Amino acid sequence: MSRDMDSKNTFTYEDVEMIANHILEKVKCRPKLGIICGSGLGKLVDLVEDKEVLPYQEIPGFPVSTVPGHEGKLVFGQLRGKSVVLMQGRAHCYEGYTPQKITLPVRTMKMMGITTLFVTNAAGGVNKKYNIGDIMIIKDHVNLAGFAGVNPLVGVNDEKFGPRFPAMSNAYDLGLRQLALAKAKEIGFSDFVREGVYSMMVGPNFETVTECKILSLLLVDATGMSTIPEVLVAKHCGMRVFGMSLITNVVISEYDSPAHANHQEVLETGERRSKDLQQLVAAIVADLDL
Ligand SMILES: O=P(O)(O)O[C@H]1O[C@H](CO)[C@@H](O)[C@H]1O
Ligand SMILES: Nc1nc2[nH]cnc2c(=O)[nH]1
């Protein structure tokens, strides 16, 4: 099965079912919560006890990330008394994968019994009030990649996954956002935890100055190259979604500025904020109703 699946770019319900069963045969854990770790945020797995680890290479069809800061492992275990599965690393469209392929893990999680999905990412701060190291709870998104036709829900729709025309007006669960803000306050993080709007372009290049100015006009607070395809697929199949961006850099919005965005800075900010992010995720998960 493995070789057939690995060469596929789109996956039927039966394919996903087969992949989910393959994983469930290899691990004892039966999580209801899934967490996707963004660039440089893979240390979230340090929170997990009784780990069972599956490298993506051993999972039929799973896209393997080629980007530094994305390990490529599925990590099962216990987090604050709850069974969880973390994706330590994600794949992106700019790596050459189809949107359907990068979101295969989300449908696989759904089929494995996951009902709540946390998505995290590294993002550039567009909002002028944001500082490097801020954590932004995502309240909504602007799917700029979707404007260009990059959307994992394009194609034949199998109603067994979800409806042809899913609503996205409440993509990021209000109750989870409120819980996260309350927990941030409780642990003294209010000064650097914000709520805002995320946007995605395919990448891999960072934005031009004019693109950054346009993002600002579009009410975007932070921008990246991931997350939205995963959220679309998760909502399509009825999952509850919570998203967080770590502001790893601020976008360059002045012409002729000598500064420029780079992935090294993204990874360094991830490393620097890793413990705080872990603390916030742990506090939210501790009080989560699953
Ligand atoms: O969105 P994640 O995977 O966190 O990573 C973000 O950081 C990388 C660029 O530095 C890009 O991959 C962008 O999408
Ligand atoms: N597109 C984009 N992705 C990022 N990921 C981390 N920082 C950035 C950024 O400034 N722009």
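Data overview
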| read-out | value |
| --- | --- |
| Relative contact order [Cα under 8 Å, 6+ residues apart], the chain, whole percent | 25 percent |
| Contour minus Cα-Cα distance for residue 66 and residue 195 (0.36 nm per residue) | 43.4 nm |
| Listed peptides 69-75, 32-38 by packing density, highest first (mean Cβ within 10 Å) | 32-38, 69-75 |
| Computed Rg/Rh of region 148-277, alpha carbon atoms with Kirkwood Rh | 1.00 |
| Theoretical FRET efficiency, 1/(1+(r/R0)^6), r = Cβ-Cβ of residue 21 and residue 271, R0 30 Å, to 0.05 | 0.25 |
| Inverse of mean 1/r across different Cα pairs in region 218-276, Kirkwood, Å | 14.0 Å |
| Gyration tensor (Cα) of region 87-222, equivalent ellipsoid semi-axes in angstrom | 26, 21, 14 |
| Structure-based [θ]222 nm, the chain - -39500 (n - 2.57) summed over DSSP H runs of at least 4, per residue, nearest 500 | -9000 deg cm²/dmol |
| Across 110/235; 32/235; 73/160; 160/235; 26/73, pairs whose alpha-carbon gap is larger than 19 Å | 73/160 |
| Of the trypsin sites (Lys or Arg not before Pro) in region 95-185, those whose Cβ has at most 10 other Cβ within 10 Å and which sit in DSSP loop | 128, 129, 164 |
| 10 Å binning of all Cα-Cα separations within the chain, expressed as whole percents from 0 upward | 6, 31, 38, 20, 4, 0 |
| DSSP H segments from the chain that extend 27 Å or more along their own axis, Cα-based, with Kyte-Doolittle mean of -0.5 or above | 263-286 |
| J(HN,Hα) series, region 32-45, from Karplus relation 6.51 cos²θ - 1.76 cosθ + 1.60, nearest Hz, glycine and proline x | 10, 10, x, 10, 9, 8, x, 3, x, 10, x, 5, 4, 5 |
| At R0 = 30 Å, FRET efficiency that the Cβ-Cβ distance of residue 57 and residue 210 yields, to 0.05 | 0.15 |
| 198, 56, 94 arranged by Cβ crowding within 10 Å, fewest neighbours leading | 94, 56, 198 |
| In Å, descending, principal axis extents of the Cα set of region 1-152 | 49, 39, 27 |
| Exposure proxy ranking, count of Cβ atoms within 10 Å, fewest first, for 265, 49 | 49, 265 |
| DSSP-defined antiparallel bridges as percent of all bridges, the chain, nearest 5 | 35 percent |
| Cβ-based exposure ranking for 223, 12, in which fewest neighbours within 10 Å come first | 12, 223 |
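No lab work stands behind these numbers, since they all come straight from the coordinates. In this text, all values refer to a predicted model and were calculated from it rather than measured experimentally. Every residue, glycine among them, receives a Cβ derived from its backbone with ideal geometry; neighbour counts consider all protein chains shown.
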